[in-house]
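Each remark here refers to the structure printed beneath this line.
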Amino acid sequence: YFLDKSDKYDSRDVERLQQDDKWVENYLIWRHDVVDDTLKMIDESFQWRKEYTVNDLSESVLPKWLFEIGALFLHGYDKEGYKLFWFKVKHHTRDPKQQLDKKKLVAFWLEHYAKRDHGKPLTVVFDMAETGISHIDLDFVRFIVNCFTDYYPNFLTKIVIFEMPWIMNAAFKIVKGWLGPDAISMLKFTNKNDVQEYISGEYLPPHMGGTDSFKYSYPPLVDDDFQTPLCENGPITSEDEHESKEEIDADTKETGELNEAQNLNQKKMNSIEQISKSEETDKTEVKPKNAKKALTTFKGPLLHISPAEELYFGSKETGEKKCLIALTNVTKNVVAFKVRTTAPEKYRVKPSNSSCEPGTSLDIIVSLHGGFAASLQDRFLIMAAEMDQSSGAGVPELTQFWKEVPRTKVMEHRLRCHVIESSKPSSLTLKDNAFNIPAKTNEDLHIQLTHLLQINKRLEEQMNRCLWFQQLSVVLSLLSVTVAAFCFYLANAQRS
């Protein structure tokens, strides 16, 4: 199949298809495991990817004004923990001369996110507040629809449409015709009263009834929410990238504790710190000998990070509020690292801004602050970059280093939060000194659940067809009886 059309594809896409089972599986799931339909979708999406040079799209090749207007961006999470892809419709105007660049911007964001979060599905939000007839652009809407139905398999969870003006009802009837039955079921028409069924108020702006104070600006690229630094003594109110005096003081304290931890690590490399039950005695951690490490590890070019995907916290009922991130420096240089989170008011991280010597391991303690509880929407970002041997590893050197290091040299890895609802003591937290990752990840369960939902949907369609034929048969039977009765009546009338 590919040999006939190999010149129409980007070789990087073909190579990925041969190596990435998850990508292939997503195509199959989206086409209900029908191989011919799956091949057709791959063929169409690969040709589109080459036409739009998707693999080479970057900020530098797109007009800067596209990013500045803020019509498209990623920010926040829905109640199921899926990233929100915002379309601020009021910022969009129909202009054929700009159409190709705007379409490439959509492709840029989708590809950017797909590479960053390994294709985890998105929730699309059409914010149609303050829009009118001048903002209707069916060609652009059709392109967006095609991206999710034909080009990015299994990438859409739902489309939340907020306050669609009545004047656009006719246009959306046309859009529904493009979507197909699967995608139509994902449409959620909302207003201020019911939008929080899908998105909690903390990620909704005030005009949608929420409390999110986020204000879009560019630069930098608004591709995530990791904008507030962390320290071990609780949240930092400043969102400035540069370290404040308070941060430096906190980091000085961290560095002193880190030196003690590194001395312990030289003797007991594979041990895990035992956290006492009282938060007031956090400073006296002792590491037990027989603790287990997490079974999954992300193997990055600078650091190996364990666990690879999720941090496991207890619910309010279980009360387990601490867990561990283990870092291993796999380079020949000192590696500086920072930890950030989407919810800095909730978490304390020790250490949150330090360095790791070549070939050594380091444990980061993540604990919930005060009476907060972990949430599925919470995320952590670990940033790492190599330092020159001549550079110092003190607080002033690290502060200057992060100001000057190019973004291209920074390794980033993201971790999600998982909340354990069981009331039994969990083996996934520091409290029990053991880390066991379940045999199946959330992605595996999501794929299985999606597959079951699709099978259920097909069964519902078959049942609906059967009911329709049944109703048709009843109507035809009644019609036959009526005709027979009428004929009988006429025959009797003629005799009389």
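The values are calculated or read from the model by the stated rules, or taken from the named source; none is laboratory data. Just so it is clear, the model here is predicted, and its values are computed rather than measured. Using ideal geometry, Cβ is built from the backbone for each residue, glycine included, and neighbour counts are taken over all protein chains shown. The area values use the complete protein model at the heavy-atom level, side chains included, leaving out ligands, DNA and RNA. Shrake-Rupley method; radii C 1.70, N 1.55, O 1.52, S 1.80 Å.
So here's what we get for this one:
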| quantity | calculated |
| --- | --- |
| Amide H within-cut-off set for residue 76, under 5 Å, with H built and near neighbours excluded | 84 |
| Charge dipole magnitude, Cβ of K and R +1, D and E -1 - the range 298-419, Cα centre, debye nearest 20 | 220 debye |
| Spin-label pair residue 16/residue 95, simplified geometry with 7 Å Cα→Cβ offset, distance in nm | 3.0 nm |
| Karplus-derived HN-Hα couplings along the range 10-26 (A = 6.51, B = -1.76, C = 1.60, θ = phi - 60°), whole Hz, x at Gly and Pro | 7, 4, 5, 5, 5, 4, 5, 4, 6, 10, 9, 5, 4, 4, 4, 4, 5 |
| Descending Cα extents along the principal axes, the range 1-63, whole Å | 40, 24, 19 |
| Hz values of 3J(HN,Hα) by residue in the range 206-218 - Karplus curve (6.51, -1.76, 1.60), Gly and Pro given as x | x, 5, 9, x, x, 10, 6, 8, 4, 10, 5, 8, 8 |
| Percent of Cα pairs exceeding the 23 Å cut-off, where the set is the range 298-419 | 31 percent |
| Which of 200, 480 is most accessible, then next, and so on - probe 1.4 Å | 480, 200 |
| Length gained when the stretch residue 59-residue 464 is fully extended (0.36 nm per residue, less Cα-Cα span) | 141.0 nm |
| Built amide H within the under 5 Å cut-off of residue 355, gap 5+ | 337 |
| Interchain or long-range residues, amide H under 5 Å from residue 189's placed H | 161 |
| Residue 221-residue 169 pseudo-label distance in nm [points 7 Å out on the Cα-to-Cβ vector] | 4.2 nm |
| Inter-centroid distance (Cα atoms) of the range 1-80 relative to the range 189-222, Å | 28 Å |
| The range 89-137-the range 346-391 distance, computed between alpha-carbon centres (Å) | 34 Å |
| Entries of 8/188; 103/299; 64/338; 90/215; 22/321; 103/457 with Cα pairs more than 25 Å apart | 8/188; 103/299; 64/338; 22/321; 103/457 |
| Cα-projected label distance for residue 491 with residue 187, points at 7 Å along beta-carbon direction, nm | 5.2 nm |
